[in-house]
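Working notes, beginning with the structure itself.
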Amino acid sequence: MTAAPARAVVPPPRTAVEGPIGPPRETDWAEAVAAVRRWLPDGRILLVCHVNPDGDALGSMLAFAHGLARLGARNVQATFPGPPEVPESLREIPGIDRVIPETEAWAAPDLLCTFDAASTGRLGGLADRLGTARDSVVLDHHASNPGFGTVRLVDPAAAATSIVVEQLLDRLDVPLDAEIAECLYTALTTDTGSFRFATTPSVHQMAARLIATGLRPGEISQRVFDSRPLGAVKLFGEVLGRCELDQEAARGHGLCWTTATRADLERHGQRAYVLEALIDSVRCVAEADVCVVLKEIGDDSWSVSMRSKGAVDVSRVAGLLGGGGHRAAAGFTGAGTPEDVLASVRAVLDESVIR
Ligand SMILES: [Mn+2]
């Protein structure tokens with residue numbers, strides 16, 4: 001009998017910290033500060049935010065890029081996975097022109113920092129840098145974050161990742177300036193829905209610090225929330241016209257949903273990112289606690305966004321279906337027909353009712 005062939009020796013992945021996700025401890029902040037300082041000024045620092053980046057993802061990442069520049073960092077890349085395309089509404093964030101396509105990102109950076117990514121899946125093809133980087137700092141605020149990276153700054157109580165970024169910059173002794181503030185404000189106003197959600201004193205105190213640098217909140221909010229091409233407005237009209245309501249769903253709290261296809265986008269000459277704002281119109285429907293928007297991303301493949309007015313924990317729904325997010329805003333990727341995807345949501349909706 002021959003001996004079993006020797007197994008190829010595969011180096012173990014760098015061990016991530018174990019333990020439940022909670023607000024960062026003092027030791028986490030100290031480790032993050034040390035990890036950043038270790039690679040100043042010449043280490044290769046790769047900043048990555050999540051696929052289909054929103055204002056919090058890009059604003060948080062670029063605020064940190066400016067902060068690193070103030071600290072003398074000379075080798076910084078900022079990128080995100082997927083098509084290197086940014087919604088018009090976010091194209092004036094200071095430093096956006098320095099974002100590079102993922103194909104140009106260092107294969108083995110010294111330091112990796114991730115922003116607003118609730119899971120490694122949200123880092124797409126760049127997730128492998130968690131294994132190749134010497135240090136990795138994860139900055140996030142999603143309660144569903146399973147924990148990855150060597151240093152975790154994941155604060156589920158923070159309304160936006162930008163709150164975590166502001167704290168880290170402060171601990172790195174980077175003063176707020178107009179550029180950093182504009183990035184952070186764009187991020188903060190995005191995730192608080194223009195200060196309609198998570199309106200804690202600390203959120204407004206942070207906004208006050210940012211506005212004090214001289215930025216114009218009205219102009220930023222108008223760009224982020226109140227500006228879209230006519231084609232997108234007409235597309236929204238069609239898709240909203242197809243909304244359906246089931247008031248019995250979610251134990252009587254109600255479910256409203258609609259579907260946007262690639263053909264819809266093509267007919268109106270629009271890019272997929274314009275659909276990110278669609279859910280804000282669907283969640284207005286008063287008869288439903290939960291709203292769902294299915295966005296076609298490929299053959300039998302759907303990006304599903306969900307919102308709740310409070311009776312249903314949609315992060316639980318998303319988590320059971322392979323996604324994640326927050327209690328009031330979450331998403332996942334669904335397969336099959338729209339009816340299949342909606343049935344999968346309905347199957348776990350009742351058990352996700354929290355009041
Ligand atoms: Mn966020």
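Would you check if Gly269 is among the small types (Gly, Ala, Ser), touching a Gly at 6+ places or on another chain (Cβ under 6 Å), modelled with pLDDT of 95 or more and surrounded by fewer than 16 Cβ atoms within 10 Å (Cβ to Cβ)?
When the stated conditions are applied, Gly269 passes them.
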Out of contact with any Gly (no Cβ under 8 Å at 6 or more places or on another chain), surrounded by fewer than 21 Cβ atoms within 10 Å (Cβ to Cβ), closer than 20 Å to Ala198 by Cα and modelled with pLDDT of 95 or more: is that true of Ala329 in this structure? no
All but one of (1) outside any loop (DSSP other than H, G, I, E, B); (2) away from the ligand (no atom under 16 Å from the Cβ); (3) out of contact with any helix residue (DSSP H, G or I) (no Cβ under 7 Å at 6 or more places or on another chain) hold for Leu46; which doesn't? (3)
Taking Val224 and the conditions (1) within 16 Å of the ligand (Cβ to nearest atom); (2) outside any loop (DSSP other than H, G, I, E, B); (3) more than 30 Å from Glu266 (Cβ to Cβ); (4) in contact with a Ser or Thr (Cβ under 9 Å, 6 or more places away or on another chain), which numbered condition does it fall short on, given that it satisfies the others? (3)
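The values are calculated or read from the model by the stated rules, or taken from the named source; none is laboratory data. This one's a predicted model, so the numbers in the text were calculated from it and none came from an experiment. We place every Cβ from the backbone using ideal geometry, glycine too, and count neighbours over all the protein chains shown.
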